[in-house]
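Some notes on the structure that comes next.
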Amino acid sequence: MRGIPASIDELMWLLSEQDDPGAVEAFERRYPEYRGELLRRMNMVRSLREAKADEGSAIPPYRPVRATPPSGFSARQAVFGLGSVALAAAVLASWVALRPAPARVETEESTPQVVAGPTNSPFAARDLQPEPAPPVDPPTATADPAPEPAPVPAPTSAITLRLRDVSLSQALAILNRETQRRFEMAPGLADPTVEMDYFDEKLEYILADLGNRYGFTAFDQGDGTYLLIPARDPTGRDPNVNVPLPPDGTLPELRR
Amino acid sequence: MTLSSSDALDRGISDPDRWLVQQAQGGSADAFTQLYRSYYGQVLRIAKGILLDADESEDAVQEIFHLARRNLPRFDFRSRFSTWLFRVAVNHSIQHGRGLWKRKNVSLETAAEIGHSTEQNWDREVVQTALAQLKREDRAILILFYWHDLSLTEIGDVLNCNANAAKTRLFRARDRFRKIYEEMDA
């Protein structure tokens with residue numbers, strides 16, 4: 001407290017916490033000007049101690065449960081998640097922009113390459129070559145190897161998530177953490193405050209429901225990335241997926 | 001702060017629960033149940049002090065004992081079992097509370113109820129409401145000190161810091177509590 005020397009301040013807390021009337025009396029004799037302050041502290045400490053929560057009258061039997069991870073998150077986690085996504089996007093963009101052109105194999109005489117066009121004659125191209133090249137062992141490494149097919153991401157398991165008063169980008173960061181999927185918000189997509197309460201739902205359903213409520217459509221890019229664009233598909237489905245309409249032609253309502 | 005085995009010996013840590021804990025580590029369900037019954041009340045009090053919600057606290061206590069049982073094989077008596085369990089309780093209660101967005105509503109309800117309370121309960125409710133306005137970390141240190149009567153060294157062990165740091169944190173938490181308490185009590 002301002003104006004009270006630190007040593008007296010500490011002494012008053014000590015007296016407030018110890019039930020020693022003799023010590024309190026001695027303090028009041030020596031520092032009468034702090035009597036009121038000491039009394040206030042003693043009352044506060046007494047109230048705090050008396051407000052002690054009870055320990056419960058009956059002990060319920062131990063029932064092993066699985067500790068569920070909290071569905072909330074801290075702002076620090078959200079910032080970290082968004083920062084990671086932004087950094088990954090920047091690295092990916094720079095890699096794509098600076099990637100060297102595919103190396104071309106030049107012959108020593110720089111002879112023009114002959115490209116076989118579509119023809120029915122199996123000899124049409126070979127006839128133009130001076131000598132057939134001798135068979136060689138396949139190289140162990142090439143300058144520009146053919147890109148490997150993108151790994152198919154494992155299907156996401158059902159998700160249980162409850163969030164309130166978070167921005168869409170924060171919610172996506174949490175979904176990213178829970179599902180290992182990446183979410184990219186297209187330019188122009190608003191970042192509204194969203195509310196999520198899903199129990200044991202598939203990611204696709206969650207994205208469709210969120211999109212329906214907050215005005216975007218999530219496109220599955222097939223490599224574990226979803227692109228969110230500011231448009232709303234009334235079916236709430238990924239238009240890349242051909243889903244037949246019901247026999248009556250009406251669109252099913254999304255579950256809430 | 002971590003204690004080595006020699007630290008524990010130097011500090012004279014003799015754990016009254018050692019035998020039961022060893023039995024539980026060996027797979028005895030009865031021994032763990034006995035530990036559960038011994039500490040249920042204290043762990044519930046920690047959870048209630050941090051979460052300020054009876055139902056949530058009871059759920060949290062079950063989760064805390066589940067965590068304790070799962071991690072018991074790694075407990076190596078560098079501190080007392082009770083200290084270790086309280087550490088699990090504090091950490092899990094704080095973590096559990098982060099998932100609850102209705103805390104603010106609970107606080108407001110509590111504040112509203114004060115207007116209808118009897119004089120006898122006035123102090124208790126003012127304290128509860130003031131605690132509700134503190135951070136969970138502040139609540140944790142206040143209840144360990146004032147409700148569980150742990151020493152600063154024990155609090156340091158629970159909060160994974162040294163006694164001086166625990167003292168500083170206690171002073172700050174107490175000042176914040178006092179400011180709110182006196183505003184409400186005025």
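The values are calculated or read from the model by the stated rules, or taken from the named source; none is laboratory data. Bear in mind the structure is a predicted one, so any value in this text is a computation, not a measurement. Every residue, glycine as well, gets a Cβ built from its backbone with ideal geometry; the counts of neighbours run over all protein chains shown. Each accessible area value is taken on the protein alone, full model and side chains, heavy atoms only, with ligands, DNA and RNA left out. Shrake-Rupley method; radii C 1.70, N 1.55, O 1.52, S 1.80 Å.
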### Task
Mind ranking B:84, A:13 by accessible surface for me, highest first, 1.4 Å probe?
B:84, A:13
### 10 Å binning of all Cα-Cα separations within the range B:117-186, expressed as whole percents from 0 upward
21, 47, 24, 7, 0
### Summary
If each part is reduced to its alpha-carbon centroid, the range B:59-88 and the range A:167-187 end up apart, in Å, by 34 Å
### Task
For the range B:13-185, give the percent of accessible area contributed by carbon and sulfur heavy atoms, probe 1.4 Å, rounded to a whole number.
43 percent
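I'd like the FRET efficiency for residue A:46 and residue B:78, computed as 1/(1 + (r/R0)^6) with the beta carbon distance as r and R0 of 60 Å, rounded to 0.05.
0.95
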#### Entry: Cα gyration tensor shape for the range A:6-46, rounded if a/c is under 1.5, else prolate or oblate
rounded
### Query
Given a Förster radius of 35 Å and the C-beta distance between residue B:34 and residue B:122 as r, what FRET efficiency does 1/(1 + (r/R0)^6) yield to the nearest 0.05?
0.35
#### Entry: In the B-A interface, the accessible area buried, summed over both sides, Å² (probe 1.4 Å)
3700 Å²
### Task
Determine, from the Cβ-Cβ distance of residue A:98 and residue A:225 and an R0 of 30 Å, the FRET efficiency 1/(1 + (r/R0)^6), rounded to the nearest 0.05.
0.90
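Return the carbon/sulfur percentage of the accessible area of the range A:159-229, one whole number, probe 1.4 Å, all protein chains in place. Can you show the working numbers first?
Numbers: 1400 of 3170 Å².
Summing carbon and sulfur atoms, their accessible area is 44 percent of the total for the range A:159-229.
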### Query
Give me the Kirkwood hydrodynamic radius of the range A:159-229 in Å, from all C-alpha pairs, to one decimal place?
12.0 Å
### Label point 7 Å beyond Cα of residue A:14 along Cβ direction - residues of the range B:118-150 with amide nitrogen under 20 Å
B:145-146, B:149-150
### Query
Can you work out D for the range B:13-185 in µm² s⁻¹ from Stokes-Einstein, where Rh is the Kirkwood radius over C-alpha pairs, the temperature is 37 °C and the viscosity is 0.692 mPa s?
193 µm²/s
### Summary
Rounded to one decimal in nm, the spacing of the 7 Å Cα→Cβ label points at residue B:69 and residue A:160 is 1.8 nm
